[in-house]
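Working notes, structure below.
The values are calculated or read from the model by the stated rules, or taken from the named source; none is laboratory data. Note that the structure is a prediction, hence the values are computed from the model and not measured. In this analysis, Cβ positions are derived from the backbone assuming ideal geometry, glycine residues included, and neighbour counts consider all displayed protein chains.
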Amino acid sequence: LSRLRAPGLDGEAAAIARGEAQRVADCFGELETDRAEAVRGAYLEGLSYQDLADRHGVPLNTIRTWLRRSLMRLKDCLDR
Amino acid sequence: MSAQIPPDDDMPADPDDLLAAEYVLGTLPGDARRAAAERIAVDGAFAARVAEWESRLSPLNAGYADGAVPDLLPRIEAELFGPAATGVAGRGRRTLASWRAPFLAGLAVALVLLAVVQFGTAPGRVLEAELAEGEGALRFAARWDEATGELALTRVAGAAAPDGQDYELWQIGADGVPRSLGLLRGTVTELSAALDPGVTLAISLEPAGGSPAAVPTGPVLAAAPML
């Protein structure tokens with residue numbers, strides 16, 4: 001039985017991965033566009049608070065607030 | 001999870017959870033980042049939060065390559081042919097077009113090449129490694145094919161895990177956070193995984209069913225970077 005369970009991860013894990021990607025996309029869709037862009041910029045492009053502040057033309061503290069609130073909203077959405 | 005989620009968006013959130021999130025996001029300044037990395041090593045609860053954020057955000061990586069490239073060409077064409085078509089009207093504009101067109105043509109070629117390189121090489125990568133630890137008897141050969149996402153682990157030396165225990169496979173990325181890829185039972189295990197070049201794979205000995213935490217709890221028996 002234990003030998004049967006490990007190969008089962010294969011298809012299951014792939015299906016879970018696809019579902020997760022869709023869920024993350026949906027949750028990003030619930031954020032304001034510029035805030036979602038800022039989170040993506042930080043995570044995928046490795047941009048710093050300063051980079052993001054320059055790109056979005058807002059003060060550094062605003063970016064920090066954007067990201068923190070967006071992260072908590074994403075968490076609420078993803079953990080629902 | 002035991003932590004209560006604050007009901008109001010404007011309330012300051014659980015600071016540890018926020019720290020874990022910002023660590024994963026990569027926005028912590030150098031000192032804070034190092035401090036967080038050190039804390040992951042000694043504070044299991046914090047490490048678990050970091051791992052949770054990793055799994056929340058990591059699906060973003062999958063969509064990145066697909067989304068970034070495709071709509072460049074229409075924009076390049078518009079840039080290229082737009083100014084050229086209107087450039088004859090006046091001297092100023094023609095001058096502008098005369099340096100702009102070759103420049104933009106060069107830029108277009110560079111961007112198309114970049115797109116081709118991204119599309120052309122990404123699907124075909126194969127990463128391999130032989131996982132071992134010093135003179136330890138246990139050795140696993142690992143092979144990952146990016147096109148299929150299939151990661152195959154073959155035990156080439158050593159015995160199966162003792163009764164009541166399992167070998168668990170982990171990937172450790174640039175952030176130094178181990179993430180479980182699954183259990184290795186039998187001689188060959190095939191998993192579905194998304195790996196980055198240079199990621200390290202490690203195998204730890206865990207209680208049957210795998211680590212009860214988000215990080216390894218047993219000794220690491222074999223490890224190697226995937227190249």
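Of all residues in the stretch B:217-227, those satisfying the criterion of being crowded, with 20+ Cβ neighbours inside 10 Å and closer than 15 Å to B:ALA161 by Cβ are B:LEU221, B:ALA222. Of all residues in the stretch B:197-216, those satisfying the criterion of being outside any strand (DSSP E or B) and exposed (fewer than 15 other Cβ atoms within 10 Å of the Cβ) are B:PRO197, B:GLY198, B:ALA208, B:GLY209, B:PRO212, B:ALA213. Within the stretch B:130-156, being part of a loop (DSSP other than H, G, I, E, B), over 14 Å from B:LEU191 (Cα atoms) and either free of Cβ contacts under 8 Å to residues at least 60 places away in the same chain or among the β-branched types (Val, Ile, Thr) (or both) holds for B:GLY134, B:GLU135, B:ALA137. What do you reckon, is B:ALA51 closer than 26 Å to A:ALA25 by Cβ, more than 13 Å from chain A (Cβ to nearest Cβ) and modelled with pLDDT of 80 or more? It is true that B:ALA51 is closer than 26 Å to A:ALA25 by Cβ, more than 13 Å from chain A (Cβ to nearest Cβ) and modelled with pLDDT of 80 or more. Residues that are at the interface with chain B (Cβ under 8 Å from one of its Cβ atoms), buried (at least 20 other Cβ atoms within 10 Å of the Cβ) and in contact (Cβ under 8 Å) with a residue 12 or more places away in the chain within the stretch A:53-80 comprise A:LEU67, A:LEU71, A:LEU74, listed in sequence order.
Is it the case, given these coordinates, that B:ALA122 is surrounded by 11 or more Cβ atoms within 10 Å (Cβ to Cβ) and at pLDDT 85 or above?
Numbers: surrounded by 11 or more Cβ atoms within 10 Å (Cβ to Cβ): yes; at pLDDT 85 or above: no.
Against the criterion (surrounded by 11 or more Cβ atoms within 10 Å (Cβ to Cβ) and at pLDDT 85 or above), B:ALA122 does not qualify.
Out of B:ALA160, B:ALA194, one residue alone is part of a loop (DSSP other than H, G, I, E, B) and over 30 Å from B:THR27 (Cα atoms). It is B:ALA160. Apart from one condition, B:ASP166 fits all of (1) among the charged types (D, E, K, R); (2) surrounded by fewer than 16 Cβ atoms within 10 Å (Cβ to Cβ); (3) assigned to a strand (DSSP E or B); the exception is (2).
Residue-level check: of (1) closer than 21 Å to B:ALA37 by Cβ; (2) within 14 Å of chain A (Cβ to nearest Cβ); (3) in a loop (DSSP other than H, G, I, E, B), B:SER180 misses just (3).
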